[in-house]
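For reference, the structure discussed in these notes is given below.
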Amino acid sequence: EAAIAGHPGARYNLGCDEGMNQRYDRAVKHWIIAANLGCDNSIQMLKKYYKDGLVSKEDFATALRAHQAAVDATKSPQREAAEAAGLALVK
């Protein structure tokens with residue numbers, strides 16, 4: 001339910017489960033969705049799968065651009081100040 005609701009961590013976990021069950025196409029789809037929501041772990045898994053030849057160059061590049069856009073969209077002076085002060089809860 002959390003994955004359907006848009007929780008990036010849940011999507012990442014589903015991708016890991018699919019990858020462990022050797023359903024690589026499904027794993028990649030979950031990680032791309034999570035990466036589009038700003039999940040750093042998903043980008044790392046996509047990078048690994050890209051190196052292993054399981055993700056196309058085009059899909060990896062698209063996911064990377066979408067991930068960066070999501071990360072940029074969450075930046076604000078308040079967040080940066082909190083992070084600098086060590087108050088950030090989630091990184």
Quiz item: Which lysines, on any chain, are close to K29 with Cα under 16 Å apart, when same-chain ones fewer than 8 places away are left out?
Solution: K47, K48, K57
Practice problem: List the pair-distance distribution P(r) of the chain, using every Cα-Cα distance, as the percent of pairs falling in each 5 Å bin from 0 up to the bin containing the longest distance, rounded to whole percents. | Solution: 3, 15, 22, 21, 16, 11, 7, 4, 1
Quiz item: Calculated FRET efficiency, A84 and L64, Cβ-Cβ r, R0 41 Å, to nearest 0.05?
Solution: 0.95
Quiz item: How big is the accessible area of E80 in square angstrom, nearest 10, if you roll a 1.4 angstrom probe over the protein chains?
Solution: 110
Quiz item: If you wrap a convex hull around the C-alpha atoms of the range 23-71 and split its volume per residue, what is the figure in Å³?
Solution: 53
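The values are calculated or read from the model by the stated rules, or taken from the named source; none is laboratory data. No experiment lies behind these values; they were computed from the predicted model shown. Reconstructed Cβ throughout: ideal geometry from the backbone, glycine too, with neighbour counts over all protein chains shown. Heads up: the accessible areas ignore ligands, DNA and RNA and are worked out on the full protein's heavy atoms, side chains in. Shrake-Rupley method; radii C 1.70, N 1.55, O 1.52, S 1.80 Å.
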